[in-house]
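Before any comments, here is the structure.
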Amino acid sequence: MCGPEYVRTENPCSDLVKSQGNGKGDTFVALLIIMVNMRDNESPYEAQMEEPLGRVSILSYGSGHMLNDITSSCWFTYLLVFLTDVGLSPGDAAVVMLSGQLADGFTTIFAGELMDRFGHFKLWHAGGSILVAISFSSVFGSCVPCKLMGTNSSTLETVGYSTFAAIFNVGWAVTQVAHMSMVNCMTSNPSSRVSLVSCRNAFTMVANLSLYGIALLMFTLLQSVSVLVQYRWIAYVSISLGSCFVVIFLVGTKEPGSIQHSTDKNLSRISWAYWFKRVLYYQVALVYTLTRLVTNVSQAFLAFYVIYDLEMPQSSKALIPAIIYVCSLIVSVILQETRWSSWRLKLYFSAGAVLWILSGLGIVLLPSRLHNVMYAISIIIGAANALMTVTSISMEGVLVGEDLNGCAFVYGSLSFVDKVSCGIALYILESYQGTIRSNLVTAFGYSVTRFGLGFVPAACSLLSAIVAYTMDLPDTRRRPLVEPLLA
């Protein structure tokens, strides 16, 4: 009698099935063959995913969010100022901002679900980038519905700007979710994942600096033209620069194969209920949302604060943000050299939160006669922003871990909460500012801009640090990168 026969099945995870023989020895041999075959099938892929990424891969990935970053910086820094300059009331300007944030938030949910189902991150990224490039010029352009209808009523202007703001944010959200979801699918090495996030954050700082350089150039060269023309050229130049980096990303970054690989192994998609049952999901969501509130709310009110509260020169609207982003860039580059572990993620995040609390206290109490102290505070804010942003996004990667079939939903759902909460916060603050003439003091004795730039980020930092301390993050220690990111 010949030995037991085995037939190959279509499922690579259970490659061999015994068809004859019923002895314990035969069963043991069959199991050994199955284990060896599974190892042969999975080890090369898993070993490849464990390998640290090279410098070129990290840099090309980081450049992929440049268009989103430079338009987002313009959105949060200049949109409210621009809309009030063209004649909208602070309340109407807040409506435009809120419409865009809501569109952004809801799109992240559907985009994350579709990407989990179908993959093709680069295709989604390219489509979203095209939508961003086409619609962004209209956000800072003239009111298209007003031209078509032949009227300039405030209601029609609000509807027109809100429509293009929503379209812009739909494309922005698709691009963001696709780009963030690629981190866990490109590598399973935690140090490389943090380096990808750190590089992405570094390019964010470059985008912000580029925007302020472009804006300063346009405001200087085009002083004789209207504000509308100035912002239109800022949009055109920003879109052109960001689109160049999108091309670099699409050419230099390979399409991750994790979702296709998981599909080949007949692994079922992870349901939403799986994440909703995990306490860590809510903790990471709260930390990430509070971090985004810190950065976005402070960015939106920074220009108002330095001009109206501190009575600094007009150039400070560009100089103070530039200092913040240079410091953030330096800290982001330093962070990519760190040997990351779970406790270090929590420690570095808490350090950033403490720095923001101190900065917020200084902003609230700083008198206008000591406005030069704001330059020192901006250095601290830059370091705090980098520490909190890099580590909070990295916590998302720790949450996802090896569950790659649900990574897009995690990033999409957390971004949804982030966008909606930021939109509501800015709407409330800006609407309240519209009820106060000449930026008078609030009921607490401070201006709305001082309250929004100092107290709100400090309070969010304190709460996020408390939540981070309670996290039970799994250990993520791995070897460092083979070569430094920006050597």
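I'd like the full set of residues that are surrounded by fewer than 18 Cβ atoms within 10 Å (Cβ to Cβ), within 30 Å of V132 (Cα to Cα) and modelled with pLDDT under 85, limited to segment 243-268. Matches in segment 243-268: G252, K254, E255, G257, Q260. Anything in segment 122-142 that is more than 22 Å from V95 (Cα to Cα) and either polar (S, T, N, Q) or surrounded by 24 or more Cβ atoms within 10 Å (Cβ to Cβ) (or both)? List them, or say none. Selection gives H125, G128, S129. In this structure, does F106 turn out to be open to solvent by less than 10 Å² (accessible area, probe 1.4 Å), of a type in the set (F, W, Y) and in contact (Cβ under 8 Å) with a residue 24 or more places away in the chain? In short, no.
On the stretch given as segment 420-443, residues that are among the β-branched types (V, I, T) and modelled with pLDDT under 85 total 4.
For segment 223-236, a residue qualifies if it is open to solvent by 50 Å² or more (accessible area, probe 1.4 Å) and free of Cβ contacts under 8 Å to residues at least 40 places away in the same chain, and the qualifying residues are Q223, S224, V225, S226, W233.
Picking from residues in segment 339-359 that are open to solvent by less than 40 Å² (accessible area, probe 1.4 Å) and in contact with a Leu (Cβ under 8 Å, 6 or more places away or on another chain), the one that is nearest to P457 (Cα to Cα) is A353.
The set of residues from segment 37-70 being at pLDDT 75 or above, out of contact with any Ser or Thr (no Cβ under 6 Å at 6 or more places or on another chain) and open to solvent by less than 30 Å² (accessible area, probe 1.4 Å) comprises G62, S63, G64, H65, M66. When segment 167-206 is limited to residues that are more than 16 Å from the chain's Cα centre (by Cα) and open to solvent by 30 Å² or more (accessible area, probe 1.4 Å), the one that is nearest to T71 (Cα to Cα) turns out to be I167.
Of the conditions (1) in contact with a helix residue (DSSP H, G or I) (Cβ under 9 Å, 6 or more places away or on another chain); (2) more than 17 Å from S73 (Cα to Cα), G150 fails just one. Which one is it? That leaves (1) as the condition not met.
For V456, indicate whether it is aliphatic (A, V, I, L, M), within 14 Å of the chain's Cα centre (by Cα) and at pLDDT 85 or above. No; evaluated as a whole, the condition is false for this residue.
When segment 362-388 is filtered for residues that are at pLDDT 90 or above and hydroxyl-bearing (S, T, Y), the ones remaining, listed by number, are Y375, S378.
The values are calculated or read from the model by the stated rules, or taken from the named source; none is laboratory data. As the structure is a prediction and not an experimental result, all values here were calculated from the model. Cβ coordinates were reconstructed from backbone atoms using ideal geometry, including for glycine residues, and neighbour counts include every protein chain displayed. Areas reflect the complete protein model, heavy atoms only, side chains present, ligands, DNA and RNA absent. Shrake-Rupley method; radii C 1.70, N 1.55, O 1.52, S 1.80 Å.
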